[in-house]
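The structure appears below as structure tokens.
The values are calculated or read from the model by the stated rules, or taken from the named source; none is laboratory data. Keep in mind the model is a prediction, meaning the values are calculated, not measured. In this analysis, Cβ positions are derived from the backbone assuming ideal geometry, glycine residues included, and neighbour counts consider all displayed protein chains.
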Amino acid sequence: MRKLSMLVVPGLVAMSLAAGPVLSSAYAAGGDSPSPPPSSDSSTKKGKKKSSSVSDPKFLAAYRTAYAAIYDKHDYTGAIDQLKSLGRDDVADVANLIGYSYRKLGDYQSSKVYYELALKDDPNHVRTWQYYGLWQLEQGNREQAQYHLNKIASLTGTDSSEYRSLAAALDKPTGATLVY
């Protein structure tokens, strides 16, 4: 048994070190670079692998431009157009940013559609759980927002910025203006 653990532990350490950047990018799902699909994801769309366009430099540049339009310029309409032109709204990071932009514009129905698309692509997409939880609060659905908060806690624990943001919003009284 001791001999087996001497072989297994170093292998697990090596695997966790190799997986480190992948895990951190998955939890930082709202970054200016989209996360690659999970390694077990072999789904295709029109015969192309999902990761083919996500790792393309032109795709990444366009994604980063849209990201900056959202978070730096607050140009949600322009960002939606840019993100849709990527033709990859089936990728969680892209769908989440489209959903976020629609929510900021007050188009809650379209926002919901894109949040659900993001979670369909990646059910563990933490930033979508956060943003969709804020959407739930804005709709008056405190119980659903709490469900989203619990989901974030199960994925990242309670120290993540996504968890803290949604928890702080839930701490505000019903009807309070959310600032995030």
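Do we find that L97 is farther than 30 Å from G157 by Cα and outside the structural domain of H148 (by TED's automatic domain parsing) in this structure?
Numbers: farther than 30 Å from G157 by Cα: no; outside the structural domain of H148 (by TED's automatic domain parsing): yes.
No, not satisfied.
In region 66-120, what residues are closer than 20 Å to G140 by Cβ, touching a residue at least 24 places away in the same chain (Cβ under 8 Å) and not hydroxyl-bearing (S, T, Y)?
G99, R103, K104, L105
Yes or no, residue by residue, for (1) exposed (fewer than 13 other Cβ atoms within 10 Å of the Cβ); (2) more than 12 Å from the chain's Cα centre (by Cα); (3) not in a loop (DSSP other than H, G, I, E, B):
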residue: A95; (1), (2), (3): no, no, yes
residue: G99; (1), (2), (3): no, no, yes
residue: S110; (1), (2), (3): no, yes, yes
residue: W129; (1), (2), (3): no, no, yes
residue: W135; (1), (2), (3): no, yes, yes
residue: L149; (1), (2), (3): no, yes, yes
residue: T158; (1), (2), (3): yes, yes, no
residue: T174; (1), (2), (3): yes, yes, no
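Within region 41-54, track down each residue that is surrounded by 13 or more Cβ atoms within 10 Å (Cβ to Cβ) and either among the small types (G, A, S) or modelled with pLDDT of 95 or more (or both).
S51, S53
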